[in-house]
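Input: one structure, supplied below.
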Amino acid sequence: MARPKIALIGAGNIGGTLAHLAALKELGDVVLFDIAEGLPEGKALDIAESGPSEGFDATMSGTQSYEDIAGADVCIVTAGVARKPGMSRDDLLGINLKVMKSVGEGIAKHAPDAFVICITNPLDAMVWALQKFSGLPANKVCGMAGVLDSARFRHFLSVEFGVSMKDVTAFVLGGHGDTMVPSVRYSTVAGIPLPDLIEMGWTTQEKLDAIVQRTRDGGAEIVGLLKTGSAFYAPATSAIEMAEAYLKDQKRVLPCAAYCNGEIGVNDMYVGVPTVIGAGGIEKVVDIKLTKDEQVMFDKSVEAVKGLVEACKAIDGSLA
Ligand code: APR
């Protein structure tokens, strides 16, 4: 049986890291696509040359032609630009929306059966647009944000409790932005919910509130430290976790930006929700029950995403 084919649309910081991780995990053969000439070819060759030492069997190639992604099983999209100083959120939206149009058309033509994971920001609006532009089934197009936001939350919690992060489960709901909702009630240390850990005196409400806020600001914290560019190791690792769940039919329960059709009160839009990922793509959106307070925070986050989607429709009439 041929190895799976993984197409990475965008060969920048995240794209290159995705290619390296896919090779190290032997998930399949990798094609890096980018409009920048030489960049995907250079990264593909560099990673291929690490193969003899690492001992992985996977082919790496770089291209500027969508034809080379033909028949891809998975497409991970990072194409676009990051927000630069002086650029408004609407400017960014307009630029990356155009990128999603060309990427969506390229995938529709050459890899219509792929499982598509979008990472480009603003995430929830871009994945919505990518699904529209590509016309692929909604269960085969999703966005990576929840796994990353949850990983940040889990990391901060494991440091606070001084325990292995393997034993910390957590998930974050809502849009990938300031309004995201780290779920305290559904997050645990070895199955013990965080509110119980406060009662047990293992942490305090104040400390937990600070961790929740740090999770919301997780992306900005890295940007502030790096000064040029944004996070790429953890975003790439998170998307690879999702791709692996699909390729190996793992039925992982992972939060991601998925198309909701009534679940958790969300209709006809993409937002961060817990899902089951297996060979069928997004096989299920887990329709969890929220408390009144959680629902208020979640609804606020959904409204913020709606605002971005409306802005997309105003920019590109074909989406309206
Ligand atoms: N088609 C293909 N590639 C494109 C296109 C396009 N139309 N437009 C831009 N690109 C490429 C750029 O040439 C660049 O190599 O997308 C790549 C983006 O890489 P980086 O700028 O290094 O960005 P990265 O850190 O990888 O983040 C990518 O993910 O987290 C989000 O906000 C982040 O939207 C950004 C995306």
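How are the alpha carbon pair distances in the chain distributed across 20 Å bins from zero to the largest one, expressed in percent?
Bin by bin from 0 Å, the calculated values are 33, 58, 9.
A further question on this structure: Write down the Å³ per residue value for the convex hull defined by the alpha carbon atoms of region 146-309.
Cα-based convex hull of region 146-309, divided per residue, equals 124 Å³.
Oh, and also: Give me the extension gain from residue 36 to residue 109: residue separation times 0.36 nm, minus the current Cα-Cα distance, reported in nm with one decimal.
Result: 24.2 nm gained on full extension.
Okay, next question. Just to check I understand the Karplus step: with θ = phi - 60° and J = 6.51 cos²θ - 1.76 cosθ + 1.60, what whole-Hz values come out for region 72-77, glycine and proline as x?
So the Karplus estimates, Gly and Pro as x, are 4, 7, 9, 10, 10, 9 Hz.
What is the magnitude of the charge dipole of the chain about its Cα centre, with +1 placed on the Cβ of each Lys and Arg, -1 on the Cβ of each Asp and Glu, and no other charges, expressed in debye to the nearest 20?
I would put it at about 320 debye.
How would 128, 202 line up from fewest to most surrounding beta-carbon atoms within 10 angstrom?
By the 10 Å Cβ count, ascending: 202, 128.
Take residue 292 and residue 98, extend 7 Å from each Cα along the Cα→Cβ direction, and tell me the distance between the two endpoints in nm.
4.9 nm
Now for a separate question. Between residue 24 and residue 226, what is the label-to-label distance in nm when each label sits 7 Å out along the Cα-to-Cβ direction?
1.6 nm
Convert each backbone phi in region 97-110 into a coupling constant with the Karplus relation 6.51 cos²θ - 1.76 cosθ + 1.60 (shift: θ = phi - 60°), then list the ³J(HN,Hα) values in order as whole Hz, x for Gly and Pro.
Once θ is set to phi - 60°, the couplings for region 97-110 become 5, 5, 4, 4, 5, 5, 5, x, 5, x, 5, 4, 6, 10 Hz.
Additional query: In nanometres, what is the gap between the two model label sites at residue 303 and residue 87, each 7 Å from Cα along Cα-to-Cβ?
Each label point is offset 7 Å from its Cα along the Cβ direction, giving 2.8 nm.
Which whole-angstrom value gives the distance between the alpha carbon centres of region 260-320 and region 1-36?
First find each Cα centre; the distance between them is then 28 Å.
Can you tell me the relative contact order of region 5-144? Whole percent, Cα pairs under 8 Å, sequence separation 6 or more.
The normalised contact order for region 5-144 reaches 23 percent.
Report the gain in length on full extension from residue 2 to residue 165: 0.36 nm times residue separation, minus Cα-Cα distance, nm rounded to one decimal.
Fully extending the segment from residue 2 to residue 165 adds 55.1 nm.
Would you please give the FRET efficiency between residue 61 and residue 206, computed as 1/(1 + (r/R0)^6) with r the Cβ-Cβ distance and R0 = 41 Å, to the nearest 0.05?
Using R0 = 41 Å, I get an efficiency of 0.20.
What is the gain in length, in nm to one decimal, between residue 70 and residue 49 on full extension, counting 0.36 nm per residue of separation less the C-alpha to C-alpha distance?
5.1 nm
Taking the alpha-carbon distance from residue 43 and a cut-off under 18 Å, which aspartates and glutamates remain once sequence neighbours fewer than 8 residues away in the same chain are dropped?
26, 29, 34, 54, 57, 68
Between residue 315 and residue 252, what's the calculated FRET efficiency when r is the beta-carbon distance and R0 is 45 Å? Round to 0.05.
Efficiency for this residue pair is about 0.85.
Please return the longest stretch of the chain lacking exposed loop sites, where GluC sites (Glu not before Pro) count only if DSSP places them in a loop and at most 11 other Cβ atoms lie within 10 Å.
In short, 50-320.
Report, ordered by chain and residue number, the lysines lying within cross-link reach of residue 248, taken as a straight Cα distance under 22 Å and ignoring same-chain residues fewer than 8 apart.
Of all the lysines, those that pass the test against residue 248 - Cα under 22 Å, at least 8 places apart if same chain - are 5, 25, 140, 166, 284.
Work out, in µm²/s and without decimals, the Stokes-Einstein translational diffusion coefficient of region 1-108 at 37 °C, 0.692 mPa s, Rh from Kirkwood over C-alpha pairs.
Diffusion coefficient, whole number: 229 µm²/s.
Only the coordinates and a few stated rules stand behind these numbers; no lab work does. None of the values given here were measured: they were computed from a predicted structure. Cβ: placed from backbone, ideal geometry, glycine included. Neighbour counts: every protein chain shown.
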